[in-house]
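Structure record follows, encoded as structure tokens.
Throughout, read-outs are computed from the coordinates displayed, never taken from laboratory work. Model, not experiment: these values are computed from the prediction. Counting neighbours? That spans all protein chains shown, and the Cβs are built from the backbone with ideal geometry, glycine included.
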């Protein structure tokens, strides 16, 4: 027992990387299976929980080292060095803990000039936000691997077809390359433009933690509160914030 106590910093340090990985897996399983069963935690809360949990093995090792009043022996120093490797996991997760906050902040913006972008469609035609003056623009951030994104594409296309004559334009913006997007469109055809990241896209449209996300830009080129991935369409194709009986953002005084 005395030998075990003497080497506790080394033991804790050696166990830190696998313990951090195990905690990450356990939290991932919880998020996948339990988070929506009993109560739903926000993406921001879950991200911070993952960062904190995967940091715990290193923190435990550090506390043990501090409590060792005899000074750090060579095995203890080795244990701390190995424990430092476990910090690679929370450091990797840290940006994902910030993105949910950034996404919520961006989606809540109102009457702020929308960041401009100019990029290419799948057919390499140039599309620029500055060319859409006087129109209502929906910028849908999506991914081919996202089931919710794929499910909403036909509804978003129907919304576009019904209201493009009233000045509605929809852009589907994905970080994936054109070839990957084309494979998806072959299965789920849409008529609105799908854009790539071939040109420079402002960070505003990349700070996404949960897909899909749709940013709403009014006829003055200003942002209005956007739509999150959990919102649904009404029977006629409009989102929950835009009831079937009317879509004020298409031409009302607020957005006109």
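Listing 121, 166, 152, 200 from fewest to most neighbouring C-beta atoms within 10 Å gives 200, 166, 121, 152. Per-residue extension of 0.36 nm, minus the Cα-Cα distance of residue 175 and residue 11, leaves a gain of 54.7 nm for this segment. Per the Debye calculation on segment 75-126 with a single equal scatterer at every Cα and no solvent contribution, log₁₀ I(q)/I(0) for q = 0.22 Å⁻¹ amounts to -0.90.
Taking the inverse of the mean 1/r over every pair of distinct Cα atoms in segment 55-213 gives a Kirkwood hydrodynamic radius of 19.0 Å.
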